[in-house]
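Written out below as structure tokens is the structure these notes cover.
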Amino acid sequence: MKPDLHGSRIVLRSIQTNDSDDFFEIYSDIQTMEFASDPVFTSKDMIFQMLESVVRLEKSGESLEWAVMDKATNKVIGTCGLHGFSDNGDSCEIGCLLNSSYWRQGYMSEALSLLFSHARSLGIKELYADIDEGNFRSQALFNKLDFKAKNGQFQRFL
């Protein structure tokens, strides 16, 4: 089991089936999903398929995914996770998605800082992010978090 990670305004916790309404709000929003690897979700069935995939990938050790929950409201406002672990386990990809209503308020910076600390405790020394060329908001966020653009990816050593 992965731990809950507590920040000042958020908690990173395991994704739960009863989060489906909050996830549908996130994944059905065209603005939020503009640069996501998934299409805009058009039904809650797509949410349940995504939740099944999260469970399967965690059981196989391929990824660790957290719900980003706003402490003040207990609303899930996003996700973040670690994926694509290297064979020796010292590097992986980081991914995140945040409800567009919460952009530019520091929530994802806080979530990723918690995730960096946890990744370090797992022995991960290098993180990378695959950010689309036109996704200037994410590029700015990852630059602020000391990632450096290199070979079409953003990289950071822990």
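Observations on the model:
- Hits in segment 12-23 (condition: touching a residue at least 40 places away in the same chain (Cβ under 8 Å) and either farther than 25 Å from GLY61 by Cβ or surrounded by 18 or more Cβ atoms within 10 Å (Cβ to Cβ) (or both)): LEU12, ILE15, ASP19, ASP22, PHE23
- Among (1) open to solvent by less than 40 Å² (accessible area, probe 1.4 Å); (2) part of a loop (DSSP other than H, G, I, E, B) - the single one ARG104 does not satisfy: (1)
- Residue in segment 13-29 that is touching a Phe, Trp or Tyr at 6+ places or on another chain (Cβ under 8 Å), under 27 Å from GLN153 (Cβ atoms) and part of a strand (DSSP E or B) present: no
- For segment 24-44, residues that are open to solvent by 60 Å² or more (accessible area, probe 1.4 Å) and either modelled with pLDDT of 95 or more or among the polar types (S, T, N, Q) (or both) total 5.
- Residues of segment 38-47 that turn out to be closer than 15 Å to THR79 by Cβ and assigned to a helix (DSSP H, G or I), as a count: 2
- If you go through segment 68-95 and pick out every residue that is in a loop (DSSP other than H, G, I, E, B) and either among the hydroxyl-bearing types (Ser, Thr, Tyr) or free of Cβ contacts under 8 Å to residues at least 60 places away in the same chain (or both), you end up with 9.
- The one condition in (1) more than 16 Å from ASP4 (Cα to Cα); (2) free of Cβ contacts under 8 Å to residues at least 60 places away in the same chain; (3) buried (at least 16 other Cβ atoms within 10 Å of the Cβ); (4) within 16 Å of the chain's Cα centre (by Cα) that SER53 fails to fulfil: (3)
- Subset tally (residues that are surrounded by fewer than 19 Cβ atoms within 10 Å (Cβ to Cβ) and either among the aliphatic types (A, V, I, L, M) or more than 13 Å from the chain's Cα centre (by Cα) (or both)) for segment 119-141: 14
The values are calculated or read from the model by the stated rules, or taken from the named source; none is laboratory data. The structure displayed is predicted, hence computed values, not measured ones. No Cβ is skipped: glycine too gets one built from the backbone with ideal geometry, and neighbour counts run over all protein chains shown. Protein only, heavy atoms only, side chains kept; ligands, DNA and RNA dropped before computing areas. Shrake-Rupley method; radii C 1.70, N 1.55, O 1.52, S 1.80 Å.
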